[in-house]
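Peer 1: Got a structure here, written out as C-alpha coordinates. Questions coming.
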Amino acid sequence: PVVLATPEGLVEGVLDLAFREDDHWTVVDFKTDAELADTTARYAAQVRYYAAAITAATGQPATATLLIV
(Lines give C-alpha, C1' and ligand atoms only; values in the text may rest on other atoms or scores of the structure.)
Protein backbone atom coordinates (compact mmCIF):
# COMPACT_ATOMS: atom_id res chain seq x y z
CA PRO A 1 0.00 0.00 0.00
CA VAL A 2 1.08 3.58 -0.72
CA VAL A 3 -0.33 7.01 0.10
CA LEU A 4 0.69 10.26 -1.54
CA ALA A 5 -0.43 13.75 -0.53
CA THR A 6 -1.20 15.85 -3.61
CA PRO A 7 -2.74 19.31 -3.99
CA GLU A 8 -5.97 17.51 -4.96
CA GLY A 9 -5.93 15.35 -1.81
CA LEU A 10 -4.62 11.96 -0.77
CA VAL A 11 -3.97 9.29 -3.37
CA GLU A 12 -4.05 5.75 -2.01
CA GLY A 13 -3.27 2.55 -3.84
CA VAL A 14 -1.60 -0.83 -3.83
CA LEU A 15 1.50 -1.35 -5.95
CA ASP A 16 1.62 -4.42 -8.15
CA LEU A 17 5.41 -4.34 -8.45
CA ALA A 18 8.24 -2.03 -7.46
CA PHE A 19 11.93 -2.81 -7.66
CA ARG A 20 15.16 -0.90 -7.33
CA GLU A 21 18.23 -1.12 -9.55
CA ASP A 22 21.18 0.92 -8.30
CA ASP A 23 19.56 4.18 -7.13
CA HIS A 24 16.49 4.06 -9.38
CA TRP A 25 13.06 2.51 -8.83
CA THR A 26 10.77 0.99 -11.44
CA VAL A 27 7.08 0.86 -10.57
CA VAL A 28 4.86 -1.44 -12.63
CA ASP A 29 1.07 -1.53 -12.62
CA PHE A 30 -0.55 -4.50 -14.36
CA LYS A 31 -3.90 -4.12 -16.14
CA THR A 32 -5.95 -6.89 -17.71
CA ASP A 33 -9.05 -4.97 -18.83
CA ALA A 34 -10.48 -6.22 -22.10
CA GLU A 35 -11.27 -2.69 -23.27
CA LEU A 36 -8.68 -0.11 -22.23
CA ALA A 37 -9.41 2.67 -24.70
CA ASP A 38 -11.41 4.77 -22.23
CA THR A 39 -9.25 4.07 -19.17
CA THR A 40 -5.64 4.13 -20.37
CA ALA A 41 -5.07 7.78 -19.43
CA ARG A 42 -6.50 7.22 -15.95
CA TYR A 43 -4.38 4.10 -15.42
CA ALA A 44 -1.24 5.89 -16.64
CA ALA A 45 -1.89 8.72 -14.17
CA GLN A 46 -2.43 6.15 -11.41
CA VAL A 47 0.96 4.50 -11.92
CA ARG A 48 2.63 7.93 -12.14
CA TYR A 49 1.19 8.71 -8.69
CA TYR A 50 2.55 5.41 -7.42
CA ALA A 51 6.00 6.28 -8.75
CA ALA A 52 5.76 9.72 -7.15
CA ALA A 53 4.90 8.05 -3.83
CA ILE A 54 8.00 5.86 -4.09
CA THR A 55 10.15 8.90 -4.86
CA ALA A 56 8.66 10.81 -1.92
CA ALA A 57 9.29 7.88 0.43
CA THR A 58 12.81 7.02 -0.72
CA GLY A 59 14.22 10.24 -2.18
CA GLN A 60 15.21 8.25 -5.27
CA PRO A 61 13.83 8.64 -8.79
CA ALA A 62 11.16 6.23 -10.00
CA THR A 63 9.89 5.34 -13.45
CA ALA A 64 6.22 4.47 -13.92
CA THR A 65 5.36 1.61 -16.25
CA LEU A 66 1.87 0.48 -17.24
CA LEU A 67 1.85 -3.16 -18.33
CA ILE A 68 -1.27 -4.21 -20.22
CA VAL A 69 -1.71 -7.97 -20.47
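The values are calculated or read from the model by the stated rules, or taken from the named source; none is laboratory data. Predicted, not measured: the structure shown is a model, and the values here were computed from it. For neighbour counting, all protein chains shown are included, and Cβ atoms are generated from backbone atoms with ideal geometry for every residue, glycine included. The protein model used for the area step is the full one, side chains on, heavy atoms only, and it has no ligands, DNA or RNA in it. Shrake-Rupley method; radii C 1.70, N 1.55, O 1.52, S 1.80 Å.
Peer 1: Step by step: first the residues of the range 15-32, then only those that are in contact with a Phe, Trp or Tyr (Cβ under 9 Å, 6 or more places away or on another chain) and open to solvent by 60 Å² or more (accessible area, probe 1.4 Å), then the one that is nearest to Gly59 (Cα to Cα). Which residue is that?
Peer 2: By that ranking, first place goes to Phe19.
Peer 1: Only one of Asp29, Asp33 is among the charged types (D, E, K, R), assigned to a loop (DSSP other than H, G, I, E, B), within 15 Å of Ile68 (Cα to Cα) and in contact with a helix residue (DSSP H, G or I) (Cβ under 9 Å, 6 or more places away or on another chain). Can you tell me which?
Peer 2: The conditions single out Asp33.
Peer 1: Suppose we keep only residues that are open to solvent by 50 Å² or more (accessible area, probe 1.4 Å) and at pLDDT 95 or above within the range 58-68. Which one would you say is farthest from Ala18 (Cα to Cα)?
Peer 2: Of everything passing the filter in the range 58-68, Gly59 is farthest from Ala18 (Cα to Cα).
Peer 1: Does Asp38 satisfy being modelled with pLDDT under 90, of a type outside the set (Val, Ile, Thr) and open to solvent by 80 Å² or more (accessible area, probe 1.4 Å)?
Peer 2: So Asp38 fits the description; yes.
Peer 1: Considering only residues of the range 36-51 that are free of Cβ contacts under 8 Å to residues at least 24 places away in the same chain and touching a strand residue (DSSP E or B) at 6+ places or on another chain (Cβ under 6 Å), which is farthest from Thr65 (Cα to Cα)?
Peer 2: Out of the qualifying residues, it is Tyr43.
Peer 1: I'm checking my understanding of the structure. Among residues of the range 33-69 that are of a type in the set (Val, Ile, Thr) and more than 9 Å from the chain's Cα centre (by Cα), which one is nearest to Glu12 (Cα to Cα)?
Peer 2: Among them, the one singled out is Thr55.
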